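**Q** Before I ask anything, let me first share the structure, which is written out below as structure tokens.
Where a number appears in this text, it was derived from the coordinates with a stated rule and is not lab data. Quantities reported herein were computed from a predicted structural model and do not represent experimental measurements. In this analysis, Cβ positions are derived from the backbone assuming ideal geometry, glycine residues included, and neighbour counts consider all displayed protein chains.
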């Protein structure tokens, strides 16, 4: 699954366009490398997102095309 879509489905970022812009700005890293929005995400990847002064680091546990709001937390774990 594309990185921008995964960020939206997992609810780490609310909208796919915002996820795409964050990737273009270089604020999203996957496995310690700056990632493009089209990068293929798989289970086990480490995603780090810079939100201003704060950074969020998560490990991908599962990749699903769609999910309910309550189940979105099961797609990743905070590190």
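**Q** For the chain, what does the relative contact order come out to in percent, with C-alpha contacts under 8 Å and a separation of six or more? Numbers along the way, then the final one.
**A** On the way: 137 pairs, mean separation 22.2, N = 79.
Once divided by the residue count of the chain, the mean separation gives 28 percent.
**Q** For the range 61-79, list residues with backbone N below 15 Å from a point placed 7 Å from the Cα of residue 31 toward its Cβ?
**A** Within reach of a label on residue 31, which here means backbone N under 15 Å from a point 7 Å along Cα→Cβ, the range 61-79 contributes 61.
**Q** Let me ask you something else. Rg over Rh of the chain, using C-alpha atoms and the Kirkwood radius, what does it come to? Write down the numbers at each step before the final one.
**A** Numbers: Rg = 11.1 Å, Rh = 12.2 Å.
A ratio of 0.91.
**Q** Quick one: which of 39-49, 1-11, 67-77 comes out on top by average Cβ neighbours within 10 Å, and what's the full order, highest first? The partial results should precede the final answer.
**A** Numbers: 39-49: 15.6, 1-11: 20.5, 67-77: 12.5.
Packing proxy ranking, top to bottom: 1-11, 39-49, 67-77.
**Q** Mind checking the full-extension length gain between residue 79 and residue 43? Use 0.36 nm per residue of separation minus the Cα-Cα distance, one decimal, nm. Provide the component values of the computation, followed by the final result.
**A** On the way: separation 36, 0.36 × 36 = 12.96 nm, distance 1.46 nm.
Stretched out fully, the residue 79 to residue 43 stretch lengthens by 11.5 nm.
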